[in-house]
Amino acid sequence: MPRFTTLLQFLFLPVIVSPGLISAPVSTSPVETPVVRETRLRAELAALAEDDFSPAAEAARFELARLLVFKTEHDFSTAVALLEPLLERATAASTPDPDTIDHLQHTLGMAYAYTSREAEARALLDASCASAAFRLGPEHTETLTYRGNRATFLARIGETASAEAELRTIASIYHRRDPDSDDALHTRTQWMISLGRLGRWGEAETEIRDIINRRTRLLGPDHPDLSHQLNLLCWVLYSTNRAIEAIPLLEQLVAIRTRELGPHSSRTLTVRYNLATVYARAGRYADAESILRTDLAALQTRPAESHREAADYLFKLGELALYQNDPATAVAKLTRAQSLYLQPQNQSWRDREQRGLEKTRLLLARALFAHDDIEAARHTARDWLSQLEAQFNLHLAYTSEADRLAFLSQENPFDLPGTLGDPDLLARGSLRLKGLVLDSLLEDQRLARNADDPTTREILRAYQATLAASVSSTNDYTVLPVEGSPLEQLERELARRAVPLGIQRAALAAHPADLLASLSADAAFIDYLRYRHDVGQLVQEERYLALIGLPSGWKVVPLGSASAIDDAINRYHILVQRGGPIAWAQAVRRLTLDPVRAVLSEETKRLFVSPDGLLQNVAFASLPEDDVTRIAADRHVFVNITSGRDLLPRAHAPAKGEPLVLAAPLWSGELAALPPLPESIAEGEAITARFPSATLLTGASANAAALRQHPSPQVLHIATHTVSDPSPDLPLATRLRRTGLALAGEPGLLDTLQIAALDLRGTALVFLSGCKTGGGAIAHGEGVLGLQRGFARTGARALVLTLWPVADQDSRDFTTAFYAAYFATSDPVTALQKARENLRAKLSAQGLSSAELLRRTGAHIISVRH
């Protein structure tokens, strides 16, 4: 669902400049509202002679201009007309006052920004910030105010990377001084807006409620200065499907804004608009439409500078029409909104991300689909996808892994292409956006590693050291909650340093035709996608589909309801872990694999599978056929990949070392309670016997330090337990720190982030011999956030994992057969196939049931990056 629309006007509100900047301000009543003050000031100025340049007259002119720019936010042309001669006279004075000139330059710069005079705005804002920093110091309150306003300007013109860094710095300074100060709370609010735009709703809500509690304690529950934070909280509630909770807050806000600013001020209209938005979400369509039509009519009577806001109202009226099953009206409203967004902008802060246009195109495509104009819907969807890719490119330039994952989740990039079922649109979207976060993290490190700038390389070293740090050492920092962990800060800084702003990410330049050209005649790419399908009246149903890439082109196979498939997968997991009827596994095959195989030719033997959702937990190769003596691997070779980009050619570093095997570590501390693995030493010895140059580490020697001392071995085999925290809803960094491999020494756990710090860029194969080494939390479009992701970040080319527990003896037999085949072929995919066949043949001879055979022989999968 779309986010609050006119909150885009609110998302980066300027930091209000302190009053009394030129001489003595005109006195005001303590209960005088901004609207009343504006009226009074206009009357006072009208009574003055044009050549009255007395201090009182100049102060009145400046106060009105400042009020228009920072408080009532309208009539910016009048503000410019007042400020330009003020600045000219101040500069020409016999003894120019630098403080006055800075105030005037800064306020005029903001007025220019509101009228889209960006170059002039930047010049004045830069000049005032530099002057104040020189005169007063970079952390002086006045300098910080100027810096905050400049960050606001940069954010709204699309330089979000610079803005976010500046706001983070300012917030830290204010928080250090006094966390309850108005400046500290306001800047934290600005930062929370950025966090919300990234989709990190949980963190944003926690922080916003804390700010509201602090301000309520200081100001009281009905103070007008609470309105910004209350509006922001409503945005979070709306965006997390709790619109009904936002209704009383917004009704309260409308009353506050109306009292303070009048019924027709831009800020009153904003909260009225947002109230209409939550009314619509709550099904109060008549109430929503009444507000929207009334306020749209009022907007259209205003000067031209306000007319573009009409696009927001047309968008919302179009959305309202879709709620009420009137797609024809929706198309008309949204088409008009799109045309307004596309008009040249000569007013108010251009938003370079063009989110208003992006969300309008998204909804217009959905409306056209509901109106059965499929071709027009696809055309609009292509324009929408181009904008979305540009937004992703921008956000990858300054965000952390957690930020990027949240943004991907918020944008739901596969919903519209999946609903339309367009193969070309799906191929482009999936190839460029699936696995994008993982690829971008690897790209940041690769570019930083090769950077000429020594500071960038130093940041990379600090980042790698932070990844490799133990859990205890990463918890010793005192930071602003909104600021994130040191690891997140380094990820953001690395992105800023490594990738120049505006440079296109490599993943976003990938082309579907290149993927198809990479496929051999006997191969197919199977991309499973979980998405939300439009079923009418803005209701969506979770579904799966398969996008199939063949040398001859693309095909789309709908798979149906996600709930039915997920239910089948959950039963399948009961079967493979605790036992059950083999029919549960056959049901998964019929729902997910059979529809795909139906469109493949007999010549297609090798399937590169990119799973999504709970399909990450399915070992496709071992799914039983209707004849339970046979499995899917008897017809096809299965290879898992994160995204289609893993099939595209890429350069690989050579191996730096000989094969390395860690087996049967001597666990200590909390890990000492882990059950022993009696066959793992024999397993390790059998592997090293295949590779005479291999190093075998067991007992106390099988520790993390030894692993780091062997960078990029040709083959890395680790036989130990997997450790994970089952607690739900853990933050990403915490979850990754609590998932890892049990090794010797202290603290013993080699967690996922420490794994990501390993250098395995020349390693051809990593084999994790343990229980559920392929498990972890699932991020739609990004794979499993567990050991698999950690090793993918090391640069290793192939990874063998297990999806459920494997008995110690079975593990030894499997790995022995695997390495026999691998030593002969150097192909891990073929080796896995041979090992599975070998173990099935051995256990079948013992007369085991088909369900027991599946459980004991089917857990292993292989994931590759070409």
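Key figures
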| item | result |
| --- | --- |
| Longest DSSP-loop-exposure-free segment, GluC sites (Glu not before Pro), the chain, at most 10 other Cβ within 10 Å | 51-601 |
| Stretch gain in nm, segment Y285-E541, where the contour uses 0.36 nm per residue and the Cα spacing is subtracted | 89.9 nm |
| Helix-derived mean residue ellipticity, 222 nm - over the chain, DSSP H n ≥ 4, -39500 (n - 2.57), to 500 | -17000 deg cm²/dmol |
| Spacing of the two label points (7 Å from each Cα toward its C-beta) at E746 and V599, in nm | 5.8 nm |
| Built amide H within the under 5 Å cut-off of V637, gap 5+ | R606, L607 |
| Aspartates and glutamates with Cα under 12 Å of K71, excluding same-chain neighbours fewer than 8 positions away | E38, E63, D225, E260 |
| Distance from the stretch 419-433 to the stretch 716-752 (C-alpha centre basis), Å | 35 Å |
| Over 23 Å between alpha carbons, listed pairs K333/K359; K316/K434; K434/K555 | K316/K434 |
| The stretch 773-866 - percent relative contact order, Cα under 8 Å, separation 6 or more | 32 percent |
| Given (i) 42.2; (ii) 69.9; (iii) 37.8, the label whose value is mean projected area of the Cα convex hull in nm² derived from this model | (iii) |
| Size of the stretch 530-641 as Cα extents on the principal axes (Å, biggest first) | 47, 40, 23 |
| All lysines inside 20 Å of K842 as judged from Cα atoms, apart from same-chain residues fewer than 8 positions distant | K834 |
| Whole-Å semi-axes of the ellipsoid equivalent to the stretch 600-736 (Cα gyration tensor, √5λ, descending) | 32, 22, 19 |
| Kirkwood Rh, angstrom, the stretch 500-579 [1 / mean 1/r, Cα pairs] | 15.8 Å |
| Computed FRET value (nearest 0.05) for Q343 with E32, which takes r as the C-beta separation and R₀ as 41 Å | 0.65 |
| Area of K656 that stays accessible when all protein chains are in place (1.4 Å probe, Å², to 10) | 130 Å² |
| Cleavage-rule hits (chymotrypsin sites (Phe, Trp or Tyr not before Pro)) in the stretch 762-866: DSSP loop, at most 12 neighbouring Cβ within 10 angstrom | none |
| Centre separation in Å (Cα based) which lies between the stretch 444-469 and the stretch 373-407 | 28 Å |
| Å² of accessible area per residue within the stretch 204-298, as computed with a 1.4 Å probe and no ligands counted | 38 Å² |
| Stretch gain in nm, segment A700-E50, where the contour uses 0.36 nm per residue and the Cα spacing is subtracted | 225.2 nm |
| Table column - 3J(HN,Hα) (Hz), the stretch 450-466, Karplus curve with 6.51, -1.76, 1.60, x for Gly and Pro | 9, 6, 6, 6, x, 5, 5, 5, 5, 4, 4, 4, 5, 5, 4, 5, 5 |
| S94 versus L843: modelled label distance in nm, points set 7 Å from Cα along the beta carbon direction | 9.9 nm |
| Residue-span extension gain [H140 to N325] - 0.36 nm each, minus C-alpha spacing | 61.0 nm |
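The values are calculated or read from the model by the stated rules, or taken from the named source; none is laboratory data. If you're wondering where the values come from, they're calculated on a predicted model, not measured in any experiment. Every residue, glycine among them, receives a Cβ derived from its backbone with ideal geometry; neighbour counts consider all protein chains shown. Only protein heavy atoms, including side chains, enter the accessible area calculation; ligands, DNA and RNA are left aside. Shrake-Rupley method; radii C 1.70, N 1.55, O 1.52, S 1.80 Å.
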